[in-house]
Each structure stands twice: as C-alpha cells, then as structure tokens.
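Enquirer: Right, I'll just put the structure down here and ask away after.
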Amino acid sequence: MTDPLFNIENLSLRLGGRQIYDGFSGALPNGGLTGIVGPNGCGKSTLLRCLAGVQPPDSGRIAFQGYPLAGLAPAERALCMAYLPQNPPLVPDMSVGGLVAKGRTPWRKAFRPLSGADHEAIDKALAATGLSDLRTARLSALSGGQRQRVWLALALAQDTPVILLDEPTAFLDLQHQLSLLRLLRQLADEQGRSIVMVLHELTLAGRFCDHVMGLRDGRLVCAGPAEQAITSQTVAALYDLQADVANDPIFGKPVVFPRE
Ligand SMILES: Nc1ncnc2c1ncn2[C@@H]1O[C@H](COP(=O)(O)OP(=O)(O)OP(=O)(O)O)[C@@H](O)[C@H]1O
C-alpha cells in the first residue's frame with residue numbers, strides 16, 4: 001500500500017490564545033485533486049500552512065509521503081511542493097514575467113542566469129494561466145484576478161509534484177475559475193501531480209475534486225470521494241444549512257441547492 005500524500009496524526013495547535021486544533025487526525029491521498037472545505041474560521045488555511053511546513057504544530061505529527069514533514073529543510077520542501085497562500089506577500093512592483101521567474105528560485109544556482117529549463121517552465125506557466133500577453137506588464141497595472149493568476153503561474157513555474165493552493169479561485173470570474181480548475185485537473189490527470197486546495201464553492205469542489213475534506217471548528221467532519229463527502233447531512237453538519245444535494249446529470253457530481 002502506498003503512503004498517503006499527507007498523514008496527520010493528533011495535531012494540536014494554539015494561536016493567539018485560541019485552540020485551533022486539538023488532536024486533529026486525517027489523511028490526504030496521493031494524486032488527484034483534494035478540496036478542503038468548511039465555514040470561515042474553521043481552520044482550512046491554517047491546515048494548509050501546516051501541510052506546507054510553514055506553521056509548525058504545537059504537538060502531533062505530519063508525514064509527507066511517509067516521511068516526517070518536520071525533517072524536510074525549507075529548500076528540500078520547495079523542490080517537492082509549491083504553496084500559494086490566501087494572501088501572497090507584498091512584493092515590489094515588477095513585471096509579470098519577473099515575478100513568475102521567482103518560482104524558479106528553488107532550482108537555481110546563486111548568481112546564475114535563468115537556464116533553458118527555467119525559461120521553459122516560466123513560458124509554460126504563463127501560457128497555462130493565460131498570461132503570455134501580459135508577460136511584460138507591471139503588477140501594479142493588473143486587476144485583482146489577473147494578479148491572482150500571476151501568483152498561480154509562479155506556483156506552477158516552481159514545477160513541483162505537489163501544489164497547495166489557498167482559495168485559488170477567490171478573485172476569479174466564473175470563466176477563469178473553470179479554466180483554472182480544468183488546468184489543475186489536467187495537471188493531476190496528465191502529469192500525476194497532487195493538488196490540495198482550499199475552496200468555498202461546494203459545487204465546484206464536488207465537480208473537480210476527487211477527494212473532499214470538510215472541517216468545522218478545527219475538527220474533521222467528513223472526508224472521502226466528493227460524492228460521499230458532499231451530502232445534505234455533511235452540508236448541515238458543516239454550515240448549519242439545510243440543502244438538497246443532487247447529482248449533476250452531465251458530470252455525475254454533487255450539486256448543492258441551499259433550501260434556506
Ligand atoms: N496567526 C494567528 N493568530 C491568531 N489566530 C489565528 C492566526 N491564524 C489563524 N487564526 C485563527 O485561527 C482560526 C482558523 O483560521 P483559518 O485562517 O485557518 O480559517 P479558514 O477556515 O481558512 O477561514 P476562512 O474561510 O475565513 O479563510 C480563526 O479563528 C483565526 O482567527
């Protein structure tokens with residue numbers, strides 16, 4: 001049996017005087033798309049930060065493909081996983097291509113120019129996110145959604161087998177949400193990448209994710225294939241919301257109809 005992508009055992013974490021997790025356990029499968037859902041403040045982003053190795057827990061263990069995550073140095077982690085936080089850091093104004101090139105940092109030798117492989121990865125990431133024409137544009141001249149796509153391109157240019165994304169669709173219009181999720185599906189299906197993302201839109205999570213994990217108050221409420229994890233019962237348990245969940249006749253995936 002292969003190890004899960006992440007195995008979380010008995011995770012506890014206190015932040016700002018508040019207990020975020022108290023013995024959280026769960027596993028995320030290797031490969032495919034995993035969606036983390038749940039109400040505001042339930043601990044989704046913090047969990048992703050723990051999985052990315054940037055938020056050490058107070059106690060408990062996270063194994064990454066069978067190895068202790070805490071044993072990986074940041075430089076080693078950066079070759080295995082790209083992490084796009086909900087609020088990317090403020091950066092000085094620069095060109096789109098310049099920021100996306102930062103995704104190649106883990107692969108580059110100090111003071112060396114970009115290699116052919118770097119240029120190729122950057123070109124592919126810009127094309128995949130529909131930004132090739134904006135390569136020379138300044139970040140300050142972009143809309144919020146375009147900027148979000150630049151950060152996504154940076155994560156793709158990092159060219160890692162695992163990609164962790166916190167609300168990657170937050171600022172995108174419906175067309176760009178769908179094209180982003182289709183792109184992630186393609187990266188998982190055709191290149192075998194494992195993608196874990198925090199999402200709010202349950203119907204999109206149901207349609208695109210293989211596996212869905214639902215959190216509430218720092219606890220695991222549901223986890224499993226989308227059809228099992230998104231049901232009337234789990235929507236009620238997660239959000240205190242009455243909803244019908246039907247099967248989409250075209251995609252055969254769960255669609256949520258709130259009844260309140
Ligand atoms: N650095 C911090 N210091 C204190 N409290 C924090 C910190 N980071 C997160 N929290 C608290 O931890 C809880 C979980 O936060 P988190 O950002 O993980 O929630 P979330 O499920 O991602 O929420 P949202 O859907 O609103 O983005 C919240 O109550 C938040 O206020």
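Enquirer: Pick out the one residue from Y21, Y83 that is surrounded by 20 or more Cβ atoms within 10 Å (Cβ to Cβ), within 29 Å of L139 (Cα to Cα), within 16 Å of the ligand (Cβ to nearest atom) and of a type in the set (S, T, Y).
Expert: Answer to the check: Y83.
Enquirer: List the residue pairs whose Cβ atoms are under 6 Å apart, where the first residue sits in the range 39-61 and is in a strand (DSSP E or B), the second is more than 7 Å from the ligand (Cβ to nearest atom), and the two are 6 or more positions apart or on different chains.
Expert: Matching pairs, first to second residue: S59/S12; G60/E9; G60/N10; G60/L11; G60/S12; R61/E9.
Enquirer: I'd like to verify a number: residues in the range 103-116 that are in a helix (DSSP H, G or I) and surrounded by fewer than 20 Cβ atoms within 10 Å (Cβ to Cβ), how many?
Expert: Total satisfying the criteria: 4.
Conditions tested, residue by residue: (1) among the aliphatic types (A, V, I, L, M); (2) touching a residue at least 24 places away in the same chain (Cβ under 8 Å); (3) not in a strand (DSSP E or B).
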{"site": "I195", "(1), (2), (3)": "yes, yes, no"}
{"site": "T234", "(1), (2), (3)": "no, no, yes"}
{"site": "L238", "(1), (2), (3)": "yes, yes, yes"}
{"site": "A246", "(1), (2), (3)": "yes, no, no"}
{"site": "I250", "(1), (2), (3)": "yes, no, yes"}
{"site": "F257", "(1), (2), (3)": "no, no, no"}
{"site": "E260", "(1), (2), (3)": "no, no, yes"}
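Enquirer: Name every residue in the range 200-250 that is in contact with a Gly (Cβ under 7 Å, 6 or more places away or on another chain) and open to solvent by 40 Å² or more (accessible area, probe 1.4 Å), in order of residue number.
Expert: Matches in the range 200-250: D210, R216, L220, V221, A223.
Enquirer: Kindly list the number of the only condition in (1) in contact with a Lys or Arg (Cβ under 9 Å, 6 or more places away or on another chain); (2) without any contact (Cβ under 8 Å) to a residue 60 or more places away in the chain that fails for V162.
Expert: The single condition V162 does not satisfy is (2).
Enquirer: Can you tell which of V100, V96 is open to solvent by less than 60 Å² (accessible area, probe 1.4 Å), more than 13 Å from the ligand (Cβ to nearest atom) and over 19 Å from the mean Cα position of the chain (by Cα)?
Expert: It is V96.
Enquirer: What are the residues in the range 117-138 that are surrounded by 18 or more Cβ atoms within 10 Å (Cβ to Cβ) and either part of a helix (DSSP H, G or I) or among the hydrophobic types (A, V, I, L, M, F, W, C) (or both), if any?
Expert: Correct list: D118, A121, I122, A125, L126, A128, L131, L134.
Enquirer: Across the range 77-97, what is the total count of residues that are in a helix (DSSP H, G or I) and either in contact with a helix residue (DSSP H, G or I) (Cβ under 9 Å, 6 or more places away or on another chain) or of a type in the set (K, R) (or both)?
Expert: Number satisfying all stated conditions: 5.
The values are calculated or read from the model by the stated rules, or taken from the named source; none is laboratory data. Being a predicted model, the structure only gives us computed values, none of them experimental. No Cβ is skipped: glycine too gets one built from the backbone with ideal geometry, and neighbour counts run over all protein chains shown. When the accessible area is computed, the model is the full protein with side chains, heavy atoms only, and any ligands, DNA or RNA have been set aside. Shrake-Rupley method; radii C 1.70, N 1.55, O 1.52, S 1.80 Å.
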